[in-house]
Every structure is written in structure tokens, then in C-alpha cells.
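Here the structure is laid out as C-alpha cells; the discussion comes afterwards.
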Amino acid sequence: MIVFHKIVELQNALFDDRKAGKTVGLVPTMGALHGGHASLVRKSVEDNDITVVSVFVNPTQFNDPKDLKTYPRTIEKDCKLLEEINADYVFAPSVEEMYPVPDNRHFEYPPVSTVMEGAHRPGHFNGVCQVVSRLFYIVRPDRAYFGEKDWQQIAVIKAMVKALSLNVTIVECPIVRDADGLARSSRNALLSEQERAIAPNIFKALSSSVEYSKSHNVKETHDYVVDTINAVDGLDVEYFEIVDGDTLLPVADWADSDYVVGCITVYCGSKPVRLIDHIKYKEPKL
Ligand code: PAF
């Protein structure tokens, strides 16, 4: 495994790989890697000749400077894991390398980029699109791998790929959970022992709401989830929206769509740590 800090050096290596007819998979990350990231890397290694993993805490997608400062950074541990799971290249640039001049491009794909996370974290998806599009231009991957935990992020990235006519296949990989149901996230590392103990109540409420939804309407199901989670001392729901899986717009009635997803953001503890998750009430028919 080779670790690159400079764009030109990574591009030279990839130029030779391409000349040799090799396919390239990209797994964009912000580091603090966990089992969810490992599943993306394993899938890319399976699908491609070369797997590039980018490790870059992207400042332009943080709308809260405190959040950027406290975001966990564990590059040595990350590289050890990536070596073990057979990643070929790690790309870990500095902020100056990624943004030699400020990125003034503006990405907006309403409604998918403007609802939910888009509304609660202004500028977040713009920053995600800035960095992901740069990574796509630098690496020119055949495939790029994203985790379903950030479900709305995948919808935004797909909208960007379509709008910019980028020649990359977006591969969506299933969410990875701990045994107690908590979705794996780099932010879990910020939870105290006590916060970690209450966090699984988020997925517990989401899971039980699937059964509940069979005999209750959308509004009742919404309130059931919010009330169940807010009843746990230390958990505070920021938003829970039950939306159409394609448009990401709220549904009023279960019959309104064949693909219905509940998306939630919860503050956990006193710092607090912001956790996101989702549940599918209706899956799209293949
Ligand atoms: O999902 C993430 O970790 C980040 O948003 C991404 C896609 C690596 C862009 O910085």
C-alpha cells in the first residue's frame, strides 16, 4: 500500500495503472475508519484492480467550526487497517493541496440537497459536492463507493454525477451496525460510555416503528418515533422526516409512494454528538 499526499504523485501512479488496463475504485472518507468504511473498501477491492481510499477531513462541508475541530483524526490507525484489508493507495492530502485557491463553485440540486440535512446544515452538501467532485477529477475512478448510512448524501452525489455528466458508477453499500443496532459512524468515537449506552435507542425506535406503521398513519408513526426517542434521557431528536425515497419530499400518506424512508437526526449527550440514521418503510420494487 502506498500513501500519497500530493495529487500529481497519485495521478502518475494511476496513469501507469490505467495504461496497464487496470480498473480503479475510489472510497472517499474523512478517516477515523470503522467497520462501515472497511466494508466499502472490501467491496472496492473485490470489484476493481486498484482501490484508492481518500482520507481527508474536508473543511468546506462543516458548517460548525467546533465540529470540524473535534472531528476524530486517526491517520496512523486508519493506514494500518487499510493495509490489512488490501487497499492499494491512500490519498491523504493537506487542505492546501486540495484547495490551492478557495473553491467558489456552488452545487445545489433541489429538492434532494435542500431538504433535511440540507436545511439543517446549510452549506454542508455544497462542501460535500466540492470535495467529491475534486476527488473524481483527480482519481477518475470507474466506481466510487458510499455507505448507505449517509443515505441523503448518496442521493445528492448521484444528482451531481448526473448534472455534471461524470463517467463514474456510484456503488451504494449497506449500512453496517454494531450488534446493538447503532449505525457505525466516526462520530461514535466521540460518545462517552453512558452516551454510547443510550444511542442504540435510536435504531430500536426506528425498527419498532416499522411494525407500528402497519396499523398507524404517517403522522402517528412520525410522532411515535420522536416521542419514543425523546423519552430517553440524553437523546433529543433534531428532525425526523418520512419521505419519498426518490424525491426526498415528505409523504402525507403511506399510499403516496412505493418507496418510503424515515430519516432521523438525534443529538446524544451534553456535548452533544449528532447521530443520523434511517429506516425503510417501503422498499422500491426492482
Ligand atoms: O461521508 C463522508 O465521510 C464525507 O462526506 C465524504 C463523502 C468523504 C466527503 O468528504
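The values are calculated or read from the model by the stated rules, or taken from the named source; none is laboratory data. Everything quoted here is computed from the prediction, not taken from an experiment. Ideal geometry is used to build each Cβ from the backbone, glycine not excepted, and the neighbour counts take in all protein chains shown. Each accessible area value is taken on the protein alone, full model and side chains, heavy atoms only, with ligands, DNA and RNA left out. Shrake-Rupley method; radii C 1.70, N 1.55, O 1.52, S 1.80 Å.
Details
- Residues that are open to solvent by less than 30 Å² (accessible area, probe 1.4 Å), touching a residue at least 24 places away in the same chain (Cβ under 8 Å) and of a type outside the set (Asp, Glu), drawn from the stretch 183-201: ALA183, SER185, SER186, ASN188, LEU191, ALA199
- Some residue of the stretch 20-27 being open to solvent by 70 Å² or more (accessible area, probe 1.4 Å), farther than 28 Å from ARG187 by Cα and touching a residue at least 24 places away in the same chain (Cβ under 8 Å): yes
- Residue that is crowded, with 21+ Cβ neighbours inside 10 Å, under 24 Å from THR169 (Cβ atoms) and aromatic (Phe, Trp, Tyr), where the choices are PHE107, PHE125: PHE125
- Residue within the stretch 225-237 that is touching a residue at least 12 places away in the same chain (Cβ under 8 Å) and within 20 Å of the chain's Cα centre (by Cα) present: yes
- Any hit, the stretch 161-177, residues being among the acidic types (Asp, Glu) and within 30 Å of GLU9 (Cα to Cα): yes
- Test result for VAL156, within 9 Å of the ligand (Cβ to nearest atom), out of contact with any strand residue (DSSP E or B) (no Cβ under 6 Å at 6 or more places or on another chain) and open to solvent by less than 30 Å² (accessible area, probe 1.4 Å): no
- Every pair of residues 6+ apart whose Cβ atoms lie under 6 Å, when the first sits in the stretch 139-166 and is in contact (Cβ under 8 Å) with a residue 40 or more places away in the chain and farther than 24 Å from ILE276 by Cβ while the second is within 14 Å of the ligand (Cβ to nearest atom) and open to solvent by less than 10 Å² (accessible area, probe 1.4 Å): VAL139/LEU26; VAL139/VAL52; PRO141/LEU26
- Single residue of ILE50, ILE75 found to be open to solvent by less than 20 Å² (accessible area, probe 1.4 Å) and of a type in the set (Val, Ile, Thr): ILE50
- Going through (1) in a helix (DSSP H, G or I); (2) touching a Lys or Arg at 6+ places or on another chain (Cβ under 7 Å); (3) not hydrophobic (A, V, I, L, M, F, W, C) one by one, TYR145 falls short only on (1).
- In the stretch 161-179 there is at least one residue matching the filter, namely being modelled with pLDDT of 95 or more, within 12 Å of the ligand (Cβ to nearest atom), closer than 19 Å to VAL55 by Cα and within 14 Å of the chain's Cα centre (by Cα).
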